[in-house]
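The values are calculated or read from the model by the stated rules, or taken from the named source; none is laboratory data. Everything numeric in this text was worked out from a predicted model, so none of it was measured. Please note: Cβ atoms are built from the backbone with ideal geometry, for glycine as well, and neighbour counts cover all protein chains shown. For accessibility, only protein heavy atoms count, side chains too; no ligands or nucleic acids. Shrake-Rupley method; radii C 1.70, N 1.55, O 1.52, S 1.80 Å.
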Amino acid sequence: MRGIRTVGLPALGIVIGTGIGIVLLNSCGGHTALDLAAVYRDGSGRIMVELGQCDSKADARGPTLVVTPDGGDTTYWGTGRDPGRPGPFPLFAPPGAWAVKGKPGGPRALEPHHGYYLHFTVLEDGHRVLYTSSSDFRREDIHSLHPGELWANGEAMSRERFHAHVTSQC
């Protein structure tokens, strides 16, 4: 038959073995993945981030923002070890004390046809991952928000609901 590709038995074995390995790795010593970051537009129109955290004394790493244009090159900014958790900060201008590292030339505003991935990790004793937090969003998500709403956990919500969400996740 034309147009149909077949996979030989050795290739099929590799695919099945890889899938089983991924399942085993995720079930052994896995960590919790939470969505504890909120993104919103402030009164002046700036895109802001508020990071929820289960324990303010935890050893946090990040955050990192990865920007991926549909069909284009990825750019990012990220911080090193425990930059602290200040109040809300502008998405494209993290606090200067964070020693931001990244690939220059990325967008400085929410762009159409771009995916955004905000991530941070919380460690216990500086080495064991307690949990990770990540949030995915697009420009359309943030532009759909009404005044006072935040984008968190894949949906629009009030600030009060976001704080209740963080409490329930922790």
Which of (1) under 12 Å from the mean Cα position of the chain (by Cα); (2) open to solvent by less than 50 Å² (accessible area, probe 1.4 Å); (3) more than 17 Å from VAL66 (Cβ to Cβ) is the odd one out, the single condition HIS119 does not satisfy? (3)
Pair list, Cβ < 9 Å and 6+ apart or interchain, from the range 128-140 residues that are closer than 12 Å to LEU51 by Cβ and open to solvent by less than 80 Å² (accessible area, probe 1.4 Å) to residues that are among the acidic types (Asp, Glu) and not in a strand (DSSP E or B): SER133/ASP35; SER134/ASP35; SER135/ASP35
Output the residues belonging to the range 56-100 that are at pLDDT below 80, farther than 24 Å from GLU124 by Cα and exposed (fewer than 15 other Cβ atoms within 10 Å of the Cβ). GLY71, GLY72, ASP73, THR74, ALA93, PRO95, GLY96
Select from the range 141-157 the residues that are in a strand (DSSP E or B) and surrounded by fewer than 13 Cβ atoms within 10 Å (Cβ to Cβ) and list them in ascending order. GLU155
Exactly one condition in (1) in a helix (DSSP H, G or I); (2) touching a Gly at 6+ places or on another chain (Cβ under 7 Å) is false for THR121; which is it? (1)
